[in-house]
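One structure is given below, encoded as structure tokens.
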Amino acid sequence: MAGTGLVAGEVVVDALPYFDQGYEAPGVREAAAALVEEETRRYRPTKNYLSYLTAPDYSAFEADSLPTELQRKPIQNTVLGLIVV
């Protein structure tokens, strides 16, 4: 499991399954599954859990110079290919 205390100059990393040790110990997997099951029963998903939020306002990211810049230096395919103009 996670580290038990802090030692000067030592970094304690918590809740990283690829770093923590002891998950193979008897009962640990069952205890974790029980915690997940309890939380799943307690917090039922709603149809739209973001419905209480207002619509995002993207105007802060708009700039009058953007169309001019896009004409001056056209965007090529990005590395990930997400934007194609």
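Remark: spin-label model distance GLU69-TYR23 equals 4.2 nm, labels positioned 7 Å along the Cα→Cβ axis.
Length gained on full extension, THR54 to GLU37: 3.0 nm, using 0.36 nm per residue less the C-alpha separation.
Taken together, the values in this text are just the output of simple stated rules run on the coordinates, not laboratory data. Because the structure is a prediction, the values reported are computed rather than measured. Virtual Cβ from ideal backbone geometry, glycine too; neighbours counted across all protein chains shown.
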